[in-house]
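Each reported figure results from applying straightforward, stated rules to the coordinates on display, with no laboratory input. None of these values were measured; they are calculated from a predicted model. Cβ coordinates were reconstructed from backbone atoms using ideal geometry, including for glycine residues, and neighbour counts include every protein chain displayed.
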Amino acid sequence: MIVNVVGELNCKLFAEKFVEIVRKEILNGEIDLEKYKEISKAEDSCDKEE
């Protein structure tokens, strides 16, 4: 994402745009959800050890 205007950060607009970009990447196959699930499982197991 390229920011062209300097100013106040609108968190809601940022979140909406971020979700839009991620959805496009998932649909285009740029993000592998199966790999993400594996990473999440590994992170969860690390949290349980503490």
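What net charge is computed for the residues neighbouring L33, neighbours being all others with C-beta under 12 Å from the C-beta of L33, Lys and Arg scored +1, Asp and Glu -1?
-2
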Amide H neighbours of I31 under 5 Å, at least 5 residues apart or on other chains, H built in the peptide plane: list them.
I26
What is the gain in length, in nm to one decimal, between I31 and L9 on full extension, counting 0.36 nm per residue of separation less the C-alpha to C-alpha distance?
5.3 nm
Any idea how far apart I39 and V22 come out in nm if each label point goes 7 Å out from Cα toward Cβ?
1.1 nm
